[in-house]
Structures are given as structure tokens and as C-alpha cells.
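Working notes, structure below.
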Amino acid sequence: MSFEAAVGTVPVRGLSLKQARIRELVPSDWPAVARIYADGIATRNATFETGAPSWAEWDRGHLAEHRFVAVDDAAVVGWIALAPVSSRCCYAGVAEVSAYVAEAARGRGVGSALLEKVVAGSERAGIWTLETGVFPENKPSLTLLERSGFREVGVRERIGKLDGVWRDVVFLERRSEVIE
């Protein structure tokens, strides 16, 4: 499971994209990032993970130059990061997307802004394909990804169990239009 976005349509007074800003994720953001991650995990519709990893584990698994947070009034309200899909050099231009938005900030454009930032950065770095997997029940994430240029490649049926139940994953990718 790669796109663990927990985006939705909960309106929030006082939070708008104009107030939220996107910046690089730094280690001191980890407590807030882990909390948002754990909240997404708890929905049981965002990822096969059952608990947030340690900072060290998460840090090792994600590309340092492709990690961002959305911040509103100094509070982290969302994050996005890329991970390599393989250590083989032929896949150097392919990365997996993970993204989460805090419940209170969902439906306010935070997920779109984070995706826009990571797509632009990935293309500057020569990454030609972004891929992700989403539970079919996570309609808000599927809609967001499709609006952001991702297309469904297929469905991986019964690919893994979560809480003892087989789950399908919709596999999506976004091919760069600027990298040949």
C-alpha cells in the first residue's frame, strides 16, 4: 500500500489553502507527522500498516529530498513523501507516494497542494513515474489522485490482509509529461 492518504470532505472553519503553507518536512515535525499517520491508520481504509513506525525507520524508507508538510498556524496538518520502489538502477525514476491529511484539514485543498509540490519536485529530480495503491473504499483519495493526473493501472485483488480480512488495492500511476 503506498498512497495512504486520509483525505476527505470535512469542512473546517478558519482553515483555507491560503493559510496553509507547504514546506520541507524536518525531523522535528515527526511527532505531528506520526500522529496524523496514526489517525489515518486507525481508519482502516488508508494502509495495511497497523502502527506508525519510529522516525529512524520512516526516515530510512523515504527519499530525503521529497518530503513535505502542510502547516497552518504553525501546526502540521498534512504530509507527503516519496519512497524508492526498488534499489535497481533501472527504477531510479520511479517512486511511491505516501500522503496523509489531518482529519480537521480534510477537504480544504491540503492534499492537492501537497501532491502538486511533490510532483513538481519529483519531475525536477528526473522521476518519471509516481505510483501508489489505495483501498477501493477510500473514494476521496482515489478522486484526489485522479484529479492530480494519476490513472488506474489495475486492481490487485486480495493482495493482503488487514485485521484478518483480505483487501483489494487499486494501483495507480502518474507518468510525467515533461520527462521523456
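For region 134-152, how many residues meet the condition of being farther than 18 Å from Gly40 by Cα and touching a Leu at 6+ places or on another chain (Cβ under 6 Å)? Lay out the reasoning, then the answer.
Of all residues in region 134-152, those farther than 18 Å from Gly40 by Cα come to 146-152.
When the remaining residues are screened for being touching a Leu at 6+ places or on another chain (Cβ under 6 Å), the result is 148, 150, 152.
Of the residues in that region, 3 qualify.
Scanning region 129-141 for residues that are free of Cβ contacts under 8 Å to residues at least 60 places away in the same chain and surrounded by fewer than 18 Cβ atoms within 10 Å (Cβ to Cβ), we see that the one that is nearest to Val178 (Cα to Cα) is Thr129. Looking for something of a type in the set (A, V, I, L, M), modelled with pLDDT of 95 or more and closer than 19 Å to Phe171 by Cβ - is there at least one such residue anywhere in region 63-80? For region 63-80, residues of a type in the set (A, V, I, L, M), modelled with pLDDT of 95 or more and closer than 19 Å to Phe171 by Cβ: present.
Only one entry in Val76, Val118, Val69, Val101 is surrounded by 19 or more Cβ atoms within 10 Å (Cβ to Cβ), closer than 30 Å to Asp163 by Cβ, in contact (Cβ under 8 Å) with a residue 60 or more places away in the chain and β-branched (Val, Ile, Thr), namely Val101.
A search for C-beta distances below 6 Å between a residue of region 20-37 that is more than 11 Å from Ala75 (Cβ to Cβ) and in contact (Cβ under 8 Å) with a residue 40 or more places away in the chain and any residue that is of a type in the set (A, V, I, L, M, F, W, C) and part of a loop (DSSP other than H, G, I, E, B), counting only pairs 6+ apart in sequence or on different chains, returns Tyr37/Ala52. When region 142-180 is limited to residues that are at pLDDT below 95 and in contact with a helix residue (DSSP H, G or I) (Cβ under 9 Å, 6 or more places away or on another chain), the one that is surrounded by the most Cβ atoms within 10 Å (Cβ to Cβ) turns out to be Ile179.
Scanning region 33-46 for residues that are farther than 12 Å from Asp163 by Cβ and surrounded by 17 or more Cβ atoms within 10 Å (Cβ to Cβ) turns up Val33, Ala34, Ile36, Tyr37, Asp39, Gly40, Ala46.
Scan region 105-116 residue by residue and report those that are more than 12 Å from the chain's Cα centre (by Cα) and under 15 Å from Val33 (Cβ atoms).
First pass over region 105-116, keeping only residues more than 12 Å from the chain's Cα centre (by Cα): 105-109.
Hit for region 105-116 is Ala105, nothing else.
Of the listed requirements (1) under 17 Å from the mean Cα position of the chain (by Cα); (2) modelled with pLDDT of 95 or more, Thr9 misses just one: (2).
The values are calculated or read from the model by the stated rules, or taken from the named source; none is laboratory data. Bear in mind that the values here come from a model prediction, so they are computed numbers and not experimental data. Glycine also receives a Cβ, built like all others from the backbone with ideal geometry; neighbour counts cover every protein chain displayed.
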